[in-house]
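First comes the structure, then the notes that go with it.
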Amino acid sequence: MEHSIRSRFIVIILSSLSLALVSAQSQAGKGFFDFNYYPYMTDVDEDNSITVNIAAKLPQRFSYFSLTNLRSDDSDSTLDELDTYYTEQNIRWQITENSPLDLTAQLNFRSGSDNDRHRLGVRWRLSNTPWLEQAFKAIHLSYAVNFHVLQFDHEDGDVWQIEHAFHMKFPYLTERLYLAGFVDHTFNQDVPDSFPKRPMVAEAQVGFQLVDKLYLISEYRLNQYRRSDVNNLAIGLQYKITW
């Protein structure tokens, strides 16, 4: 019970902070809020069933992005019993007005003890790079790579990570369709012998707009930190607000 209360308390605080940032800065530039609910999963019923993403463009070349995953350790639980969380809170700063490079700080919190993780790094927005921009526009793809070169957590060693993020549209088919996702690739981590030496976590989400702000979504998930049921497919709905 104490663990459940602590989990919910932290998630509420982080979610409130996220919404406050978005509300305060919504006039400063573009941003979005989306709520994803996955009632059906093919292989891992205990995988996250709710994901909340928030992004906002802030003054002075800063930007903010967060994701929060909620799930339960019990496959028969209801939405009221979600007591396990994972969240990433990202602050980014574009180094010059027209630069495709951002300095990044990521605060990473999760359920349990001695497992929070914080990172510093550099993000390269390849699709905003002058000599690449037209090629990416031609295929309607946004793509960025974040090099998390410094990591602060309970682990010893020189652990670092590469994070890929992408978003693709298909206007030649329909304006309603998109493909988005990420790939996290971790290096130098002390993992059991049964794990890959450089474990990956990845998600690819296909979304189709049903009406206005409501989307039908299907999400392929890869988690190499699980030694059984590494793959999962989640199907659900997304409610998205953009500004």
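Read the figures in this text as sums done on the coordinates, not as results from a lab. Everything numeric in this text was worked out from a predicted model, so none of it was measured. As a convention, Cβ positions derive from the backbone with ideal geometry for all residues, glycine included, and neighbour counts pool all protein chains shown.
So for the pair L107, W131, with labels modelled 7 Å out along Cα→Cβ, what separation do we get in nm?
In this crude label model, L107 to W131 measures out at 3.9 nm.
How high is the FRET efficiency between I235 and N98 when r is their beta carbon distance and R₀ equals 45 Å, given to the nearest 0.05? Walk me through the numbers on the way to the answer.
On the way: r = 40 Å, r/R0 = 0.90.
Working from the Cβ atoms, E equals 0.65.
Pop the C-beta distance of L214 and D43 into the FRET formula with R0 = 22 Å and round what comes out to the nearest 0.05. Kindly include the intermediate steps, with their values, before the conclusion.
Numbers: r = 26 Å, r/R0 = 1.18.
In this case the efficiency is close to 0.25.
Among the lysines, which fall within straight-line cross-link reach of K137, defined as a Cα-Cα distance under 22 Å, with same-chain neighbours fewer than 8 residues apart omitted?
Here the lysines satisfying the reach criterion relative to K137 are K30, K57, K169.
When a/c reaches 1.5 or more, the comparison of a/b and b/c decides; with that in mind, is the range 115-169 rounded, prolate or oblate per its Cα gyration tensor?
Values: a/c = 4.77, a/b = 2.86, b/c = 1.67.
Prolate, because a/c is 1.5 or more and a/b exceeds b/c.
Based on the mean of other beta carbon atoms within 10 Å per residue, what is the order of 213-226, 95-108, most packed first? Mind showing how you got there, number by number?
Values: 213-226: 17.2, 95-108: 14.7.
Taking the mean over residues of other Cβ atoms within 10 Å, the ranking is 213-226, 95-108.
Take W124, project a point 7 Å from its Cα along the Cβ direction, then tell me which residues of the range 165-183 have their backbone nitrogen under 15 Å from it.
Under cut-off, by backbone N: 165.
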